[in-house]
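Let me begin by presenting the structure, written as structure tokens, before commenting on it.
The values are calculated or read from the model by the stated rules, or taken from the named source; none is laboratory data. The shown structure was predicted, so the numbers you read here are calculated from the model rather than taken from an experiment. Note that each Cβ is placed from the backbone with ideal geometry, even for glycine, and that neighbours are counted across all protein chains shown.
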Amino acid sequence: MLEARNLGKFYSGIPAVKGVNFIARPGNILGLLGPNGSGKSTTVSMITCLLEPTTGQVLFNGESIDSAPLEYKARLGYVPEEAHLYTYLTGPEYLELIGQLRGIAPRILAEKIAAFMNIFGLEDDRYSQMSAYSKGMRQKILIAAALLHDPEIIVFDEPNSGLDVTSSLILRSLVQELSAAGKIIIYSSHVLEIVERVATDVLILHDSRVVAHDSVSRLRDLMALPSLEQVFRKVVVAADVDQVARDVIGIMRL
């Protein structure tokens, strides 16, 4: 079980995020939603040990992750929003590096790399440096790297970035299969439709704080709205987005 208790991050007294509480259990998918600047990325960074919280703590199986950060990271798989890769390496070379750092036995690692390259349609590019890869191809390498060591916790931060329609559908199915296999999954995205389809629970952030947290179906029922998009509009979007769109058309026609 992964738990956040009163999680917050402040810079010079100004909150980037504050008062975040959740429990993510094996087999569940917690969706993180929010506009830019809402605190999603900061929350993800604290969950993945990239940032130290100013307030509160993250616990895994009842123990603070600060008490044994290396052991926690060994159980964690993370797909970041931005692909910071050693692009002078080929895809298999990068995965080999990650696998060695994870302590995976060479024979098993080689089998996993070959299988991931094949299943993600990268076999023909196995000898190409990642500097020649498209954004979507690099994203597939990041996903493979996060799953190589069969982690218990998997954090996806805008994982659909750069993926084509087919790859996005595969990713959605993969996330559901990982959940069915008992993994703890955090899925941060601005794509409402995807979160609505995959998430067990959803936590919506706005202006650095939590404005809604419940199951997708219960949020819809509580607010008597048919979709998560309309819930999101109700609790987060201050502007009349339809009117803004009409105003843009009006400007175009001037």
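If the condition is being in a helix (DSSP H, G or I), within 15 Å of ILE143 (Cβ to Cβ) and either in contact (Cβ under 8 Å) with a residue 60 or more places away in the chain or of a type in the set (Val, Ile, Thr) (or both), then segment 178-197 contributes only ILE194. Filtering segment 41-54 to residues that are in contact with a Lys or Arg (Cβ under 7 Å, 6 or more places away or on another chain) and either on the phi > 0 side of the Ramachandran plot or surrounded by fewer than 22 Cβ atoms within 10 Å (Cβ to Cβ) (or both) leaves CYS49, LEU51, THR54. Here ASN28, ASN6 are screened, and the one residue that is surrounded by fewer than 16 Cβ atoms within 10 Å (Cβ to Cβ) and either over 20 Å from LYS73 (Cβ atoms) or at pLDDT 95 or above (or both) is ASN6. Consider LEU163 carefully, then state whether it is surrounded by 16 or more Cβ atoms within 10 Å (Cβ to Cβ) and part of a helix (DSSP H, G or I). For LEU163, the condition - surrounded by 16 or more Cβ atoms within 10 Å (Cβ to Cβ) and part of a helix (DSSP H, G or I) - is not met.
Residues that are crowded, with 17+ Cβ neighbours inside 10 Å and either assigned to a strand (DSSP E or B) or of a type in the set (Val, Ile, Thr) (or both) within segment 118-150 comprise ILE141, ILE143, listed in sequence order.
In the set (1) without any contact (Cβ under 8 Å) to a residue 60 or more places away in the chain; (2) under 13 Å from the mean Cα position of the chain (by Cα), VAL175 fails one condition alone, (1).
Pairing residues of segment 18-42 that are among the basic types (Lys, Arg) with residues that are assigned to a loop (DSSP other than H, G, I, E, B) and surrounded by fewer than 22 Cβ atoms within 10 Å (Cβ to Cβ), at Cβ distances under 9 Å and at least 6 apart in sequence or on separate chains, gives LYS18/THR54; LYS18/SER208; ARG25/MET1; ARG25/THR200; LYS40/GLU158; LYS40/HIS190.
The listed residues are GLU93, GLU81, and the only one of them that is touching an Asp or Glu at 6+ places or on another chain (Cβ under 6 Å), under 16 Å from ILE143 (Cα atoms) and among the charged types (D, E, K, R) turns out to be GLU81.
Can you tell me which residue among THR90, THR43 is at pLDDT 90 or above and not assigned by TED's automatic domain parsing to the domain that holds ASP207? Exactly one of THR90, THR43 is at pLDDT 90 or above and not assigned by TED's automatic domain parsing to the domain that holds ASP207, namely THR90. One residue alone among PRO26, PRO35 is part of a loop (DSSP other than H, G, I, E, B) and within 16 Å of GLU158 (Cα to Cα), and that residue is PRO35.
For every residue, the table says whether it meets (1) part of a loop (DSSP other than H, G, I, E, B); (2) not hydroxyl-bearing (Ser, Thr, Tyr).
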| site | (1), (2) |
| --- | --- |
| SER41 | no, no |
| PRO53 | yes, yes |
| GLY56 | no, yes |
| LEU59 | no, yes |
| ASP66 | no, yes |
| TYR72 | no, no |
| TYR78 | no, no |
| GLU81 | yes, yes |
| THR87 | yes, no |
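Annotation: of all residues in segment 151-160 being within 14 Å of the chain's Cα centre (by Cα) and touching a residue at least 60 places away in the same chain (Cβ under 8 Å), the one that is surrounded by the most Cβ atoms within 10 Å (Cβ to Cβ) is PHE156.
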